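Please treat every number below as a calculation from the coordinates, not as lab data. Nothing here was measured: the structure is a model prediction, and the numbers come from that model. Cβ coordinates were reconstructed from backbone atoms using ideal geometry, including for glycine residues, and neighbour counts include every protein chain displayed.
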Amino acid sequence: MKKLIFVTGGVCSSLGKGITASSIGSLLEARGLSVRMIKIDPYLNVDAGTMNPYQHGEVYVTDDGAETDLDLGNYARFTNAPISKANSVTTGQVYREVINKEREGRFLGKTVQVVPHITDEIKSRIVAVGKDPDVDFTIIEIGGTVGDMESVPFLEAARQLIHEYGRQDAVSVHVTLVPEVTGGELKTKPTQHSVKELQEVGIQPDVLVCRSTAGLDESLRRKLAAFTNVEYEGVISAKDASTIYELPLVFHDQGLDQFLLRKMNVESRHADLKAWKEVVRKLTEPRKRVRIGVVGKYMELHDAYKSVWEALYHGGIGNDAGVEIVRIDSSRFEAEDANPGDVLADVDGILVPGGFGQRGINGMVVAARWARENGMPYFGLCLGMQIMAIEWARNVIGWADADSAEFNQDAGHAVVSLLEDQIDVKNFGGTMRLGRNDSVFKEGSKPALAYGSTRVSERHRHRYEFSNAYRADFDGSGMVIAGTTPDGELVESLEWPDHPWGVGVQYHPEFKSRPIAPHPLFAAFVKASIAFGDKRAHG
Ligand code: GLN
């Protein structure tokens, strides 16, 4: 069986197309069907790797090292669909491919045009993702808002595919806003206009997912159905939920999955949503509470650390604990009179996430020192592990000039630096360690205990490495080199000795955490933080 579900958005951006696409994927999987996910981003960047987190939010990294839009992280959290380079399509990639082919003379002298050459390239990428025999559904989220100039070729490709597959095998789901005006009345007009715009490019939506604060009643749903040619059962009310992980249940209660399967003539078993119900229960009525401080920069940006926030919540799910995240801008530790104990007075553990550039680094070092000296759980992700190295070198070994070469090229002790063979590389983007790599851990180390294994595979995205020139000094002064690459060459994990839970990893475990399968390191860190909070409260 090969079916396509296109997800578009109307009225305005940020309505949750990604969560809608992901929720549909999880519902189909709950019925034993197999799905693949694609995100289309109508921008000219070839990937999201060079984009500033201020504009774009987090860069989500796949096993094969693609730097993609954060929506792919949602797909990975909601579904079992494998995510790789092929699941992220941008205008830049498509044009680059077509222009390369043109330069190679592969169009045999024809005039190369948006239709059919660009649209054909888009179609072939969509079809390729679902080509494995066991795949039932490919869900394609088209970024941007219908009516934007940028998305036109993608909508045309979608129109053609719906026509070629037939409407039983390819459907359109349109996510729109039903705003509330003063007086509390919900307005359907923007949705009607948005559907008209979709119809103008030749696409009749089969489902409308209507976002609103309060929810649509039956009469509004009937009205929308009548004006948009969508069946009444296809008009879904998506009012603001208590957690995004509730959306699969909200959609299921309104019969969205049943409706899609009837439309597409697919038989399946009943949806098994036990695991999702348990996730929502643990998030909304946890048995315990814990407060985690995240110390970094970009703290004011909600999306810059999307996967980190989610992985922390999952760590809470793993302990039946509600995680409250306290975002702490590391500059707060940098003031002359800053007292780290005060800043950290009401958190039970701290996490230092990944990051680039010098700003805020010294504040992170101060926070790490306080956590180390006061037995507060600490979890360092990528940059957060490098901070552990700098802090230890400065305050335990006693090298006041210790730093990362990223922040000070002339540091007396560059305990984090580039590898020899990275140094001449002119191509800045080319020197990153990206994607899946194995790590091996010391027997009995905290990561090994958490994973229940001494060998794991995790994803990387960084340039600088712990410097082997100083490994013996760290070893000799008691720092635990808890993990390395399998050849022993690169340090992958540091662990504070004689400390309840101080662990740094050179990779990004947050990308592999799921609400249904919380990442073991996040679960272990949250568990240690709960214990720290209990001890502090009860002495
Ligand atoms: N800036 C550091 C490096 O490039 C850490 C990167 C990160 O945290 N992702 O090595």
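Against the chain, whose longest principal axis comes from its Cα atoms, helix 91-103 is set at around 80 degrees. Derived from the Cα gyration tensor, the three semi-axes of the equivalent ellipsoid of segment 415-539 are 28, 18, 13 Å, largest first. Considering only alpha-carbon pairs that sit under 8 angstrom and 6 or more positions apart, the relative contact order computed for the chain is 15 percent. Using R0 = 45 Å, the C-beta based FRET efficiency linking residue 449 and residue 180 works out to 0.35.
Here segment 218-247 and segment 15-49 have alpha carbon centers that stand 20 Å from each other. Here the Karplus curve 6.51 cos²θ - 1.76 cosθ + 1.60, taken at θ = phi - 60°, turns the phi angles of segment 256-267 into couplings of 4, 5, 4, 4, 4, 5, 5, 3, 9, 6, 10, 9 Hz, with x standing for Gly and Pro. Amide H contacts of residue 303 (H built 1.01 Å from N, in plane; Pro and chain starts excluded): no residue 5 or more places away or on another chain comes under 5 Å. What the phi angles of segment 322-337 give under the Karplus curve with 6.51, -1.76 and 1.60, with θ = phi - 60°, is a coupling list of x, 9, 9, 9, 10, 7, 10, 5, 5, 4, 5, 8, 8, 4, 3, 9 Hz, glycine and proline written as x.
Stretching the chain fully between residue 97 and residue 288 yields a gain of 63.5 nm (0.36 nm per residue, less the alpha carbon separation). How much length is gained on full extension from residue 12 to residue 134, taking 0.36 nm per residue of separation minus their Cα-Cα distance? Result: 40.4 nm gained on full extension. Hey, can you grab everything whose amide H is under 5 Å from the amide H of residue 36? Only 5+ residues off in sequence or another chain; H modelled, so Pro and N-termini drop out. Residues meeting the amide H criterion: 137, 138, 139.
Phi-derived couplings, Karplus 6.51 cos²θ - 1.76 cosθ + 1.60 at θ = phi - 60°, listed residue by residue for segment 208-213: 10, 9, 9, 7, 7, 6 Hz, with x used for Gly and Pro.
Taking the C-alpha atoms only, the angle from helix 274-284 to the longest principal axis of the chain is near 60 degrees. Annotation: the antiparallel percentage among DSSP beta bridges lying fully within the chain is about 30. By the rule of a C-alpha distance below 21 Å, with chain neighbours fewer than 8 residues away ignored, the lysines paired with residue 196 are 17, 187, 223. Computed over the chain, the per-residue total of -39500 (n - 2.57) for DSSP H runs of n ≥ 4 gives a 222 nm mean residue ellipticity of -10000 deg cm²/dmol, rounded to 500. The distance linking segment 124-145 with segment 311-332 is 34 Å (Cα centroid to Cα centroid, whole angstrom). The long axis of helix 119-129 is offset from the longest Cα principal axis of the chain by roughly 60 degrees.
Given R₀ = 25 Å, FRET efficiency for residue 275-residue 242 by Cβ-Cβ distance, to 0.05? It comes out at approximately 0.90.
Taking a threshold of 24 Å on the Cα-Cα distance, which of the pairs 277/306; 39/277; 277/527 fall above it?
Violating the 24 Å limit, Cα to Cα: 39/277.
What FRET efficiency do you get for residue 104 and residue 124 if R0 is 25 Å and r is their Cβ-Cβ distance, rounded to the nearest 0.05? The calculated FRET efficiency here is 0.90. Inter-label distance, residue 86 to residue 346: 5.0 nm, where each label sits 7 Å from its Cα along the C-beta direction. Distances between placed amide hydrogens fall under 5 Å for residue 289 paired with 322, all partners being 5 or more residues away or on another chain.
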